[in-house]
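J.: For reference, the structure I am asking about is given below.
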Amino acid sequence: MNAALDAAYAACVDITRSEARNFYYGIRLLPAEKRSVLCAVYALARRIDDIGDGDLPAAEKHQRLAALRGQLARHEAADPVLAAVFDAAGRLPVPLAAFDELVDGVEMDLAGRRYETFDELVTYCRCVAGSVGRLCLGVFGSRPDPRAAEYADKLGIALQQTNILRDIREDLANGRVYLPQEDLDRFGVKLELDDDGRLIDRDGGLAALVRDSAERAQGWYEEGLRLVPLLDRRSAACCSAMAGIYAHLLGRIAADPTQVFDRRLSLSGRQKLGVAGRALLARSA
């Protein structure tokens, strides 16, 4: 690589190290070349997410997303992150169309979309997280299997379901609801916050809904993790570590749903290192 590309990848690594609070524990288990490429993928995905979550007026967010779509379509390396991503896609089968799907998902958020059914929610999760799973698979590579992309997609969707359950309170405070209306109706739940910003659960229906949703998400993890045996040792360790951190969070939520009623549940750095270390050791055996 030339000096400009070296600097572009270095910028992506810096972004990932500072912003990927969960993913970086897995990413650093990869060999150097794949690690830098996955950092480039993360940096662009992060940019798309940040446009949607930022403080800009909605119209400007749409303009920025449209501009980014155009840059992707034209392979316009307008900055170091895009330069690194386009170089990566020239060397590995990184599916650039998946970034368009991620933009689609962010635009769903900007529209304030609500989800009547779980199937509708899966469509959203596939855009914002299944797409990232497939991008990661492009970096990892795998043994030939017609279902590899499907497993990567399902694993991403499992992670997004975990995010949704972890962030119910924060999302509601920001005017967003991702729990499907059919689930809210089934458990007799109306999402509300008390004066202290805590989720209200008068009769235990919300806790029951969260526990049921966590059990459903665990099934998606089981399906998605079928990808791991198809990967090389270091990629398998990376994938297992990233998924393991979220699966551990999901297990804690399932065990006690009230933990997400008044806080944003997370693992400590030591716990994340433990998950990553166990993933690497498991793939070394």
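J.: What helices (runs of 4 or more DSSP H), lying completely within region 118-170, carry at least 1 residues that are surrounded by fewer than 20 Cβ atoms within 10 Å (Cβ to Cβ), modelled with pLDDT of 95 or more and not polar (S, T, N, Q)?
T.: Numbers: elements: 118-125, 131-140, 148-166.
Answer list for region 118-170: 118-125, 148-166.
J.: Here's something else I'd like to know. Kindly check whether there is at least one residue in region 32-43 that is surrounded by fewer than 17 Cβ atoms within 10 Å (Cβ to Cβ) and either in contact with a Gly (Cβ under 8 Å, 6 or more places away or on another chain) or more than 16 Å from Val94 (Cβ to Cβ) (or both).
T.: Looking through region 32-43, at least one residue is surrounded by fewer than 17 Cβ atoms within 10 Å (Cβ to Cβ) and either in contact with a Gly (Cβ under 8 Å, 6 or more places away or on another chain) or more than 16 Å from Val94 (Cβ to Cβ) (or both).
J.: Confirm whether Ala10 is under 23 Å from the mean Cα position of the chain (by Cα), assigned to a helix (DSSP H, G or I) and surrounded by fewer than 20 Cβ atoms within 10 Å (Cβ to Cβ).
T.: yes
J.: Name the residue that is surrounded by the most Cβ atoms within 10 Å (Cβ to Cβ), counting only residues in region 237-251 that are of a type in the set (A, V, I, L, M, F, W, C) and out of contact with any Phe, Trp or Tyr (no Cβ under 8 Å at 6 or more places or on another chain).
T.: Among them, the one singled out is Ala237.
J.: Within region 57-70, how many residues are farther than 15 Å from Leu102 by Cα and surrounded by 13 or more Cβ atoms within 10 Å (Cβ to Cβ)?
T.: Kept after step one, since they are farther than 15 Å from Leu102 by Cα, are these residues of region 57-70: 57-60, 63.
Pick out the ones that are also surrounded by 13 or more Cβ atoms within 10 Å (Cβ to Cβ) and you get 63.
Result for region 57-70: 1.
J.: Of (1) of a type outside the set (Lys, Arg); (2) in contact with a strand residue (DSSP E or B) (Cβ under 9 Å, 6 or more places away or on another chain); (3) within 23 Å of Glu150 (Cα to Cα), Glu192 satisfies all except one. Which?
T.: It is condition (3) that Glu192 fails.
J.: Next up: Return yes when Val189 is surrounded by 14 or more Cβ atoms within 10 Å (Cβ to Cβ) and in a loop (DSSP other than H, G, I, E, B) and no when it is not.
T.: In short, yes.
J.: Of all residues in region 210-251, which are of a type in the set (A, V, I, L, M, F, W, C) and part of a loop (DSSP other than H, G, I, E, B)? Don't jump to the end; show me each part of the working.
T.: At the first step, the residues of region 210-251 found to be of a type in the set (A, V, I, L, M, F, W, C) are 210, 214, 217, 220, 225, 227-228, 230-231, 236-239, 241-243, 245, 247, 249-250.
Answer for region 210-251, where residues must be of a type in the set (A, V, I, L, M, F, W, C) and part of a loop (DSSP other than H, G, I, E, B): just Leu231.
J.: Right, Glu101: of a type in the set (Asp, Glu) and free of Cβ contacts under 8 Å to residues at least 24 places away in the same chain or not?
T.: No.
J.: A follow-up question, please. Return a yes/no flag: does region 137-152 have any residue that is of a type outside the set (Gly, Ala, Ser) and under 24 Å from Ala255 (Cα atoms). So that I can check it myself, show each step before the final result.
T.: Pass one, region 137-152, residues of a type outside the set (Gly, Ala, Ser): 137, 139-140, 143-147, 150-151.
Applying the additional criterion that residues be under 24 Å from Ala255 (Cα atoms) yields none.
No: region 137-152 contains no residue that is of a type outside the set (Gly, Ala, Ser) and under 24 Å from Ala255 (Cα atoms).
J.: Let me ask something else about it. Just name the residue that is farthest from Ala247 (Cα to Cα) out of those in region 193-212 that are in contact (Cβ under 8 Å) with a residue 12 or more places away in the chain, surrounded by fewer than 16 Cβ atoms within 10 Å (Cβ to Cβ) and not basic (Lys, Arg).
T.: Among those that are in contact (Cβ under 8 Å) with a residue 12 or more places away in the chain, surrounded by fewer than 16 Cβ atoms within 10 Å (Cβ to Cβ) and not basic (Lys, Arg), it is Asp196.
J.: Return the residue satisfying two criteria in turn: it lies in region 252-269 and is part of a helix (DSSP H, G or I) and without any contact (Cβ under 8 Å) to a residue 12 or more places away in the chain, and of such residues it is surrounded by the most Cβ atoms within 10 Å (Cβ to Cβ). I'd like the intermediate steps shown before the answer.
T.: Within region 252-269, the first condition is being part of a helix (DSSP H, G or I), and the residues that meet it are 252-255, 257-260, 269.
If we keep only those that are without any contact (Cβ under 8 Å) to a residue 12 or more places away in the chain too, we end up with 255, 259, 269.
Working: Ala255: 10, Gln259: 15, Gly269: 10.
So, considering only residues that are part of a helix (DSSP H, G or I) and without any contact (Cβ under 8 Å) to a residue 12 or more places away in the chain, the one surrounded by the most Cβ atoms within 10 Å (Cβ to Cβ) is Gln259.
J.: Here are Phe23, Phe99: which of them is buried (at least 21 other Cβ atoms within 10 Å of the Cβ), in contact with a helix residue (DSSP H, G or I) (Cβ under 6 Å, 6 or more places away or on another chain), at pLDDT 95 or above and closer than 20 Å to Gly130 by Cβ?
T.: Phe99
The values are calculated or read from the model by the stated rules, or taken from the named source; none is laboratory data. Because the structure is a prediction, the values reported are computed rather than measured. Backbone-built Cβ (ideal geometry, glycine too); neighbour counts: all protein chains shown.
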